[in-house]
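Written below as structure tokens is the structure these notes are about.
The values are calculated or read from the model by the stated rules, or taken from the named source; none is laboratory data. If you're wondering where the values come from, they're calculated on a predicted model, not measured in any experiment. Cβ atoms come from the backbone with ideal geometry, glycine included; neighbour counts cover every protein chain shown.
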Amino acid sequence: MSLLSSGSNAQGQLGNGSLEDAHTFQPCSFLDQAEHRLPSGALEVLDVATGANHTLVLLRMQDHSTELWGCGDGRKGQLGLRYQQEIQSGENSGLFRKIRLQLKDSGIEGYQYKLIASTWETSFVALSREGSSDVLLSFGSDDYGDLGIGGLKKGAPPKDHYRVQLIQEENVMIDAVFTGQRQIIAKVHTPSSSYLLGWGASRHGQLGEQSNIPFLSQPRVISTQNILSCSLGIQHTILMHTSSHLSPLGSNRKGQLEVAQKWTKNNGAIKAIGCTWNGSYIISENSGFWEIHSSGSNAHSQLGWRSKSDSDQTICGVVQFSQSLPTSDTNIELICGSEHILVFLSPSSCATEVWGWGWNEHGNLGLGHTKDVATPTKIWPQFAEGNSGSAAKIWAGMGTSWIFLKEET
């Protein structure tokens, strides 16, 4: 098993031992471990979370524990204080290294890492322990209230991490943490209620009715309805209810809310939603086939469809796949990066496939060039020497793409 990455790498955030952008998918390496392989005892990559120039990886281990690893820029504390001390001592900064947060000092020993997330220069880790409420920790920049702790005291020394106060109730479980560039939404529940909590950048109403407020420095309730999922851009948010109803929030200056507003009128069945910085995407079923609808900025061809003519005023469109996607034998997942999109296909009759399009300035689509890609193009499998294997999971970040690869035998 291995983790592959491509794209922007100025601070070593790809974890491949280099500080150069990778225009093709390269295997990641972990400090003091076998080159190009996951750490000894790792069974699976549970999640990858990326910021502007840093990356977190959550691993599931053979002993049923979880481990947190990170790489890239840690100067704002977004990888913990110990990480930055190790980098300053001269150790290789282009490799993943185990993140050791000082949990004992916070009185939260015995917890396991459960979830990870990241904004531009801030990281989040959810912890769980049987019989206790989940805990959410934040570390890194607080420029837009990202830490969720009500603000840092002027002149206070940096801390390894901070504890975010969510809901003052017992038995609070954290279901998911969704992030944009500078805003955060946590989905939590108790035995009797569910909550959607938001903080960070909010000037455009992307965290609900908070117009003209630059940011929220502490979690505030956005919704108590049963929200299935949500996705965040820079200035907009889309909430997906269990009924498939959508609630678009925030700025529509670039038409990024149009597809969601259109869909609330159609009341069609929706499989998934996603947001780039200034775009929105919806997967739906139409006559036995999957379709992806999109709207918003198309400055880097990230909408995945072309206008019929220069005079065409179409706001929403259907992503132009070169092949049909039957719902009967193909599972589809949508993963949005900053301004590029990946689609994970699992056909019942063949191996998994990864397709991508959009912004490609750093080679983040792994195609060997840096030209933007206007329509979906298959980016995995790549039948080159040393690239055999089956994609099990994928992620898209700030100009980066990631594939968890299981070697075929």
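Among the strands (runs of 3 or more DSSP E) confined to region 114-210, the ones with at least 3 residues that are touching a residue at least 40 places away in the same chain (Cβ under 8 Å) and within 20 Å of Ile234 (Cβ to Cβ) are located at 122-128, 173-179, 183-189, 194-201. Evaluation of Leu228 against the conditions (1) of a type outside the set (Phe, Trp, Tyr); (2) assigned to a strand (DSSP E or B); (3) modelled with pLDDT of 95 or more shows that the sole unmet condition is (3). Of the residues screened, Ser229 is one that is surrounded by fewer than 18 Cβ atoms within 10 Å (Cβ to Cβ), free of Cβ contacts under 8 Å to residues at least 60 places away in the same chain and touching a Phe, Trp or Tyr at 6+ places or on another chain (Cβ under 9 Å). Of the residues contained in region 119-131, one or more are found to be at pLDDT below 95, more than 19 Å from Gly399 (Cβ to Cβ) and among the acidic types (Asp, Glu). Here the condition is being hydrophobic (A, V, I, L, M, F, W, C), out of contact with any Pro (no Cβ under 7 Å at 6 or more places or on another chain), closer than 24 Å to Gly389 by Cβ and surrounded by fewer than 18 Cβ atoms within 10 Å (Cβ to Cβ); of Leu43, Leu14, it holds for Leu43 alone. For Thr24, are the conditions met, namely being under 24 Å from Gly180 (Cα atoms), β-branched (Val, Ile, Thr) and in a strand (DSSP E or B)? No, not satisfied.
In region 316-323, is there at least one residue being under 27 Å from Thr370 (Cα atoms), touching a Gly at 6+ places or on another chain (Cβ under 7 Å), touching a residue at least 60 places away in the same chain (Cβ under 8 Å) and of a type in the set (A, V, I, L, M)? Checked region 316-323: no residue is under 27 Å from Thr370 (Cα atoms), touching a Gly at 6+ places or on another chain (Cβ under 7 Å), touching a residue at least 60 places away in the same chain (Cβ under 8 Å) and of a type in the set (A, V, I, L, M). In region 151-162 there is no residue matching the filter, namely being surrounded by fewer than 22 Cβ atoms within 10 Å (Cβ to Cβ) and touching a Phe, Trp or Tyr at 6+ places or on another chain (Cβ under 6 Å). One residue alone among Gly17, Gly12 is of a type outside the set (A, V, I, L, M), assigned to a loop (DSSP other than H, G, I, E, B) and over 21 Å from the mean Cα position of the chain (by Cα), and that residue is Gly17. There is no residue in region 104-114 that is among the aliphatic types (A, V, I, L, M), buried (at least 22 other Cβ atoms within 10 Å of the Cβ) and either out of contact with any Gly (no Cβ under 8 Å at 6 or more places or on another chain) or closer than 23 Å to Gly200 by Cα (or both). Of the residues that make up region 369-385, is at least one at pLDDT below 90, within 17 Å of Asp47 (Cα to Cα) and not β-branched (Val, Ile, Thr)? Looking for residues that are at pLDDT below 90, within 17 Å of Asp47 (Cα to Cα) and not β-branched (Val, Ile, Thr), one finds none in region 369-385, hence no. The sole residue among Ser338, Ser301, Ser322 that is assigned to a loop (DSSP other than H, G, I, E, B), of a type in the set (Ser, Thr, Tyr) and surrounded by fewer than 19 Cβ atoms within 10 Å (Cβ to Cβ) is Ser322.
Summed over region 262-293, residues that are surrounded by fewer than 17 Cβ atoms within 10 Å (Cβ to Cβ), in a helix (DSSP H, G or I) and not basic (Lys, Arg) total 2. Within region 167-180, the only residue that satisfies the criterion of being modelled with pLDDT under 95 and in contact with a strand residue (DSSP E or B) (Cβ under 8 Å, 6 or more places away or on another chain) is Ile167. Residues being under 19 Å from Trp199 (Cα atoms), crowded, with 17+ Cβ neighbours inside 10 Å and either over 18 Å from the mean Cα position of the chain (by Cα) or not charged (D, E, K, R) (or both) are represented in region 77-100 by at least one member.
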